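**Student:** To start, I am sharing the structure in question, which I have written as C-alpha cells.
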Amino acid sequence: MNQVQNNPDMQFSPACERNRDPILEQLKPRLSLANKLLEIGSGTGQHAVYFSQHLPQISWQTSDRFENHASIRAWIEHDGASNVLMPIELDVALSEWPAQKFDAIFTANTCHIMSWTDVEKMFEGVSQALESAGRFFIYGPFNYDGQFSSSSNQAFDASLKLVAPHRGIRDLADMRRLALANLLQLSEDIAMPANNRLLIFTKVDK
C-alpha cells in the first residue's frame, strides 16, 4: 500500500484499483434501487469514492477502525462526492453498530483478515443493521467443501497465516451456516477475476 503523491494521508491500494471495475459491474444493476449503503472496512477509501461516482442515488456511509480514517477522509475530500459520508468508527467486534438501518451493506477483502469470531460478530451486526430484504455484498476469496479454488489462493492463505494465525480464507459452507443463523440467505455467488467471488446475502423475515 502506497501514499498518493503530495498527500501523505491518501493511501493507495493497487488491489482496489484492479478490482474496482469488475466489482462495480456487478454492484451497479443490483443497487439501482438502493438508497442507503454501509461499507464495512472502507480501508483506503478508494472503493467508496469510485463506486459512489457511478451510484449517485446512494448515500454511501464509510466505516473502519479509527486508524484508517485519515486516508478515507482524504480520498473523500479529494474526490468531492457529496453522496459519500465521512467514516464512522466501526470495529465489528467492539464498536456499537449504527442505529440507522441500511438497504445494502458492502465489504471487500475483510473476512480472511478478521478472526472467525469477528466474522461471526460482523454477521450479527449486519443482520441488525439491514432492512428487511436488504442485501449484504461480500467480495473476496472463498473455499468450497474445504478445498482451495486455486493454487494461488492456497499460497495466499499460507501467507495470511504467517502474518497472523487467526487469518485465512473462509469456506462457503461455514459462511452460509453463519448467515442462516442471522436471518441472511445466500442469493447469489458470482465468480470474479483472480479467483475471487462476490457473495450476496439477502435479509429474510423470521
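The values are calculated or read from the model by the stated rules, or taken from the named source; none is laboratory data. None of the values given here were measured: they were computed from a predicted structure. Quick reminder, even Gly has a Cβ in these numbers, built from the backbone with ideal geometry, and neighbours come from all protein chains shown.
**Student:** Considering only region 41-57, I want to know if a residue exists there that is surrounded by fewer than 22 Cβ atoms within 10 Å (Cβ to Cβ), among the polar types (S, T, N, Q) and modelled with pLDDT under 95.
**Tutor:** Yes, that holds for at least one residue.
**Student:** Going by what's in this entry, would GLN128 be described as within 22 Å of LEU31 (Cβ to Cβ) and either assigned to a helix (DSSP H, G or I) or touching a Cys at 6+ places or on another chain (Cβ under 6 Å) (or both)?
**Tutor:** Taking the combined requirement at face value, the residue satisfies it.
**Student:** What number of residues within region 192-206 satisfy the criterion of being more than 16 Å from the chain's Cα centre (by Cα) and either surrounded by 13 or more Cβ atoms within 10 Å (Cβ to Cβ) or of a type outside the set (Lys, Arg) (or both)?
**Tutor:** 6
**Student:** Looking only at region 59-87, how many residues end up being surrounded by 14 or more Cβ atoms within 10 Å (Cβ to Cβ) and over 15 Å from the mean Cα position of the chain (by Cα)?
**Tutor:** Residues that pass the stated criteria total 15.
**Student:** Here is a follow-up. Which one is farthest from PRO165 (Cα to Cα), of the residues in region 101-117 that are among the aromatic types (Phe, Trp, Tyr) and crowded, with 16+ Cβ neighbours inside 10 Å?
**Tutor:** Ranking the qualifying residues of region 101-117, first place goes to PHE102.
**Student:** Could you check region 77-90 and list, in sequence order, the residues that are out of contact with any Pro (no Cβ under 7 Å at 6 or more places or on another chain) and not in a strand (DSSP E or B)?
**Tutor:** GLU77, HIS78, ASP79, GLY80, ALA81, SER82, LEU90
**Student:** Now, a different point. Return the total of residues in region 37-58 being assigned to a helix (DSSP H, G or I) and either farther than 13 Å from TRP75 by Cα or hydrophobic (A, V, I, L, M, F, W, C) (or both).
**Tutor:** Residues in region 37-58 being assigned to a helix (DSSP H, G or I) and either farther than 13 Å from TRP75 by Cα or hydrophobic (A, V, I, L, M, F, W, C) (or both): 4 in total.
**Student:** Take region 146-202 and flag every residue that is in a helix (DSSP H, G or I) and either within 30 Å of GLU131 (Cβ to Cβ) or β-branched (Val, Ile, Thr) (or both).
**Tutor:** Within region 146-202, VAL163, LEU172, ALA173, ASP174, MET175, ARG176, ARG177, LEU178, ALA179, LEU180, ALA181 qualify.
**Student:** Determine the pairs where a residue that is part of a strand (DSSP E or B), located within region 59-76, has a partner that is charged (D, E, K, R) with Cβ atoms under 7 Å apart, the partner being 6 or more residues away or on another chain.
**Tutor:** Cβ pairs passing all conditions: SER59/LYS36; TRP60/GLU39; GLN61/GLU39; THR62/GLU39; SER63/GLU39.
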